Amino acid sequence: MAKIQLNGKKIVIKSNYSILDLLKKYKLNNKKVAIELNGIIIPKIKYKKKYLKNNDKVEVVHFIGGG
Amino acid sequence: MTKDLFKVAGRSLKSRLIVGTGKYKNFSETAKSVKASGADMVTVAVRRVNILDKKKPILTDYLDPKKIIFLPNTAGCFNSNEALRTLRLAREMGGWKLVKLEVLGDKKTLYPNMLETIKSTRTLVKEGFKVMVYCTDDPLLAKKLEDNGASAIMPLASPIGSGLGIQNKVNISLIIKQSKVPVIVDAGIGTASDATVAMEMGCDGVLINSAIANAKKPILMAKAFKDAVISGRNSFLAGRMAKKLFASPSSPLKGLI
């Protein structure tokens, strides 16, 4: 178990949980998002092997309408 | 006649109208308006995914970045660090380096902070980005952006979302005259004729969001802007007649009965 912050919200995840697992849980298409882990951008190819740990801060962003 | 190409940051565009995708009632209206506008480039913003509401439709369900060029912006960023963070995320998301930089300086006027804008442009260019830059209509600062590697200069016509049209034609003209990169009027255009005026002055393009999205019939307004931009461009290329103080008859006087 680990407590992390996802887009400012506290959530609890299982141990050995990767970014890819997180994306799957929230049904997010990895092609349509970008991810920052503790302020550092994580390249898409690393989603599978990047495991989350206690107190990690994850930001998941995508494109929305804008001027 | 040679083809009137519009090239910006190494990309050839068919339309000189770039449209924003914000402020629409829903994504269906956004997509229909973009289609009616004929634009091949649209601006988009970068925001947190709403993780709680998985069923909510998203922009990319309606606009395909493979079919239309997405120009990620930094709307809402008030300093260089925020803007750089946003655009680096945008690059990771889509894999493209063409971006719109706007660093705001004041919440009420949304006037750009030019010191932070110039600083950010320099950093982004170094990192290999192609940067189209929202800026004030000050010719000296516009030149500074160009010297720092901006791919397009995008001076405001008037404050973002104000619909006041071009407030300082002289400055916009000076920027057009001096710039070697495309000049695109961004922000403040209120209605189709404003876009025609900008194009007649010799702007390379216009960027419109609120004037279309806030119209009573956005899709029809998008079409109006498409025509207005083509009309203004043709008028610029045709070269207007000289202004005279007194009348000059349109019908010949010879053979008058």
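The values are calculated or read from the model by the stated rules, or taken from the named source; none is laboratory data. The structure displayed is predicted, hence computed values, not measured ones. FYI the Cβ positions are ideal-geometry reconstructions off the backbone, even for glycines, and counts take in every protein chain you see. Heavy atoms of the whole protein, side chains included, go into the accessibility calculation; ligands, DNA and RNA do not. Shrake-Rupley method; radii C 1.70, N 1.55, O 1.52, S 1.80 Å.
The alpha-carbon atoms of the protein assembly as shown, seen along their principal axes, cover 101, 39, 39 angstrom, with the largest extent given first. For region A:41-67, a drop of 30 Å² or more in accessible area on going from the chain alone to the assembled protein chains (1.4 Å probe) is found at A:41, A:44, A:59, A:61, A:62, A:63, A:64, A:65, A:66, A:67.
Amide H contacts under 5 Å for residue B:20: B:43, B:208, B:209, restricted to partners 5 or more places along the chain or on a different chain, H placed in the peptide plane at 1.01 Å from N.
Summing both sides, how much accessible area is buried between B and A? Use a 1.4 Å probe and give Å² to the nearest 100. Write down the numbers at each step before the final one.
Working: alone 14570 and 5330 Å², together 17300 Å².
Heavy-atom accessible area buried at this interface is about 2600 Å².
Rounded to the nearest whole Hz, the Karplus-based 3J(HN,Hα) values (6.51 cos²θ - 1.76 cosθ + 1.60, θ = phi - 60°) of region A:56-67 follow the sequence 5, 10, 10, 10, 10, 10, 8, 8, 10, x, x, x, with x at glycine and proline.
Charged side chains reduced to their Cβ positions (Lys and Arg at +1, Asp and Glu at -1) give region A:2-62 a dipole of some 240 debye around its Cα centre.
Indicate the gyration tensor shape class of chain B (rounded, prolate or oblate), computed on the Cα atoms with a ≥ b ≥ c the square roots of the eigenvalues: a/c under 1.5 is rounded; otherwise a/b larger than b/c is prolate and the rest oblate. Note, shape of chain B comes out prolate. Surface composition of region A:2-62: carbon plus sulfur atoms contribute 52% of the solvent-accessible area (1.4 Å probe, protein chains only, all chains present). Evaluating 6.51 cos²θ - 1.76 cosθ + 1.60 at θ = phi - 60° for every residue in region B:64-74, the Karplus couplings come out as 9, x, 7, 9, 9, 6, 8, 10, x, 10, 10 Hz, glycine and proline recorded as x. Only Lys, Arg, Asp and Glu carry charge here, each on its Cβ (+1 for the first two, -1 for the last two); on that basis region B:95-219 has a dipole of about 200 debye about its Cα centre. Take each residue of peptide B:70-79, count the partner chain Cβ atoms within 10 Å of its Cβ, and average: the result is 1. Take region B:1-147 with all the other protein chains still there, run a 1.4 Å probe, and you get 50 Å² of accessible area per residue.
Note that region A:2-62 presents 60 Å² accessible area per residue, ligands and nucleic acids not counted, probe 1.4 Å.
When the accessible area of chain B is split by element with a 1.4 Å probe, what percent falls to carbon and sulfur? Each step should come with its number before you reach the end.
Numbers: 7370 of 13320 Å².
Answer for chain B: carbon and sulfur cover 55 percent of the accessible area.
Taking only alpha carbon atoms, region B:1-153 gives an Rg to Rh ratio of 0.97, where Rh is the Kirkwood radius.
Quick one: putting +1 on the C-beta of Lys and Arg, -1 on the C-beta of Asp and Glu, what dipole do you get for chain B around its Cα centre, in Debye to the nearest 20?
Approximately 500 debye in magnitude.
Positive end of the dipole of region A:2-62 (Cβ unit charges, origin at the Cα centre): among A:29, A:42, A:4, the Cα lying farthest that way belongs to A:29.
So for region A:2-62, considering every pair of alpha-carbon atoms, how many percent are separated by more than 18 Å? Please list the in-between numbers first.
On the way: 379 of 1830 pairs.
That tail contains 21 percent of the Cα-Cα pairs.
DSSP beta bridges confined to the protein assembly as shown are antiparallel in about 50 percent of cases.
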